[in-house]
Amino acid sequence: MKLLSTSALPALALAASTLLVSACNATPAAPAAKAANATVDAVPARATLPVVKVHKDPNCGCCGGWAEHMQAAGFPVEIHDTSDMASVKQRLGIGEGMMSCHTSEIDGYVVEGHVPVSAIQKLLAERPKARGLVLPGMPIGSPGMESPDGYRQPFTVALLAEDSSLSEFSRHE
C-alpha cells in the first residue's frame with residue numbers, strides 16, 4: 001500500500017517546511033516521567049549496536065530529544081550540525097513529501113524524522129532490501145516530540161524502498 005506521493009505540490013512543501021522550522025525552533029517539551037517499573041524497548045541481540053549519525057540544524061531543539069531516545073536504547077549517537085539540511089536530504093534521497101526535521105544514517109539505512117527505536121530495531125533485525133525508514137512531519141508524542149500532558153498522535157512509519165516508493169512499516173498509537 002503506497003502511503004505518500006513523492007511529488008508534493010509546491011505550496012504544500014512550503015507550508016510543511018514552515019511548520020518544521022517553527023516546530024524545531026520551539027523549546028522541546030520535557031519527557032514524561034517514567035514509572036519505576038517501566039520497561040525499555042528490547043535491544044537487538046548483538047554485541048555492538050551501530051552508530052547513529054544524526055544530521056540536524058544546530059538551532060533545532062527536538063532532534064536532541066530523539067538522539068537521547070536512541071542513546072537510552074544503547075545506540076551510540078554522533079550529532080552532525082549543519083545549516084544545509086537540504087543537501088543532506090538530497091544526498092540520501094529524501095523527497096519533499098517525506099521530510100522531517102532531522103535525517104539519520106544507521107548501518108547502511110537512512111532514517112528520516114522521529115522514528116521510534118522499536119521500528120529501527122525491527123529494520124535492523126529484518127534487514128529488508130530498502131533505503132530506510134521515513135516518518136514525515138513531527139507527530140506529537142513521537143520520540144523527541146513528547147507532550148507534557150502525555151498526548152500522542154497515532155502515526156505510521158513508512159519503509160522507503162530503493163525505487164523511492166513508500167509502504168507501511170509500523171503503526172504507533
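The values are calculated or read from the model by the stated rules, or taken from the named source; none is laboratory data. Since we're looking at a predicted model, the values are computed, not measured. Reconstructed Cβ throughout: ideal geometry from the backbone, glycine too, with neighbour counts over all protein chains shown. These accessible areas exclude ligands, DNA and RNA; they are computed on the full protein's heavy atoms, side chains included. Shrake-Rupley method; radii C 1.70, N 1.55, O 1.52, S 1.80 Å.
Being over 14 Å from the mean Cα position of the chain (by Cα) and assigned to a strand (DSSP E or B) is the filter here; which residues of the range 142-173 pass it?
Leu166, Ser167, Glu168
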ask   = Do we find that Gly74 is under 24 Å from Ser164 (Cα atoms) and of a type in the set (Gly, Ala, Ser) in this structure?
value = no
ask   = Taking Cys24 and the conditions (1) at pLDDT below 90; (2) part of a loop (DSSP other than H, G, I, E, B), which numbered condition does it fall short on, given that it satisfies the others?
value = (2)
ask   = So which pairs qualify, if the first residue must be in the range 121-139 and on the phi > 0 side of the Ramachandran plot, the second must be part of a loop (DSSP other than H, G, I, E, B) and of a type in the set (S, T, N, Q), the Cβ gap must be under 9 Å, and the two must be at least 6 apart or on different chains?
value = Gly137/Ser100
query = What is the residue count in the range 50-88 for residues that are of a type in the set (A, V, I, L, M, F, W, C) and in a loop (DSSP other than H, G, I, E, B)?
reply = 4
key: Enumeration of residues in the range 61-88 that are charged (D, E, K, R) and in contact with an Asp or Glu (Cβ under 8 Å, 6 or more places away or on another chain)   = Asp81
request  = Return the total of residues in the range 89-108 being farther than 12 Å from Leu133 by Cα and either out of contact with any Leu (no Cβ under 7 Å at 6 or more places or on another chain) or outside any helix (DSSP H, G or I) (or both).
outcome  = 8
The range 70-109, residues that are within 17 Å of Gly137 (Cβ to Cβ), touching a residue at least 40 places away in the same chain (Cβ under 8 Å) and either open to solvent by 20 Å² or more (accessible area, probe 1.4 Å) or out of contact with any Cys (no Cβ under 6 Å at 6 or more places or on another chain) (or both) = Ile94, Gly95, Glu96, Gly97, Met98, Met99, Ser100, Thr103, Ser104
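Inside the range 136-166, can you point out the residues that are of a type in the set (S, T, N, Q) and either buried (at least 21 other Cβ atoms within 10 Å of the Cβ) or within 11 Å of Val115 (Cα to Cα) (or both)?
Ser142, Thr156
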